[in-house]
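Please treat every number below as a calculation from the coordinates, not as lab data. Values in this document were obtained by computation on a predicted structure and should not be read as measured data. Methodologically, a virtual Cβ is constructed for each residue, glycine included, from the backbone with ideal geometry; neighbour enumeration extends over all protein chains shown.
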Amino acid sequence: MTIAAARAGAVICVAVAAAGAGASLENATMTTRGLTAVAGIEVGHHTLAARPTGCTVVLTRGGATAAVDVRGASPGTRETALLDPVNSIQQVHAIVLSGGSAFGLAAADGVMRYLDEQGIGYRTRTARVPIVPAAILYDLGVGDPAIRPDAECGYRAARAARSDGIHEGSVG
């Protein structure tokens, strides 16, 4: 990876505190510790092994307070501005971390669809709207850049989310 490619990616740190409560590659391992040690948090992955790339979803079905710190020369994010504590939205229902550069932000659409089907979201007068911030990284220089995470990838990762042992390593 060149210095320019490394600078193009976004580094995003998200802190989640749960309220009230996968596809894998050969080098992935299972663990029972990590994010899912916090009650109310589930993690799911979907890996597009042909490239490889994919996405990881952190689900908080009951909602969770989140914060974000966006850094990098060219960060790619979605709905992170609503995490400002002065805004009216106080909880998120999922966080998506995806490869695919800006194309990977589409994975959040699939997570929203999954949560909508489950009746999970911020209640408005007419509908529930799942709150799903997302961030991407630039990985288009690895493998075929036409293979990248999309809404279906996000949906599959959300559907695979679990609170017990999760895959770690080169997944999602």
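Summary table below
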{"item": "Whole-Hz couplings from phi, Karplus 6.51/-1.76/1.60, listed for the stretch 108-118; x for Gly and Pro", "result": "5, 4, x, 5, 4, 4, 4, 5, 4, 4, 8"}
{"item": "Relative packing of 141-147, 52-58, which averages over residues the other C-beta atoms within 10 Å, highest first", "result": "52-58, 141-147"}
{"item": "Cβ-derived FRET efficiency at R0 22 Å, Leu82 paired with Glu152, nearest 0.05", "result": "0.35"}
{"item": "Backbone HN-Hα couplings from phi across the stretch 59-65 [Karplus 6.51/-1.76/1.60, Hz, Gly and Pro as x]", "result": "9, 9, 3, x, x, 8, 7"}
{"item": "Burial ranking of peptide ranges 88-98, 104-114 (average Cβ count within 10 Å, highest at the top)", "result": "104-114, 88-98"}
{"item": "Rounded FRET efficiency, nearest 0.05, which uses the C-beta distance separating Val38 from Arg71 and R0 of 30 Å", "result": "0.80"}
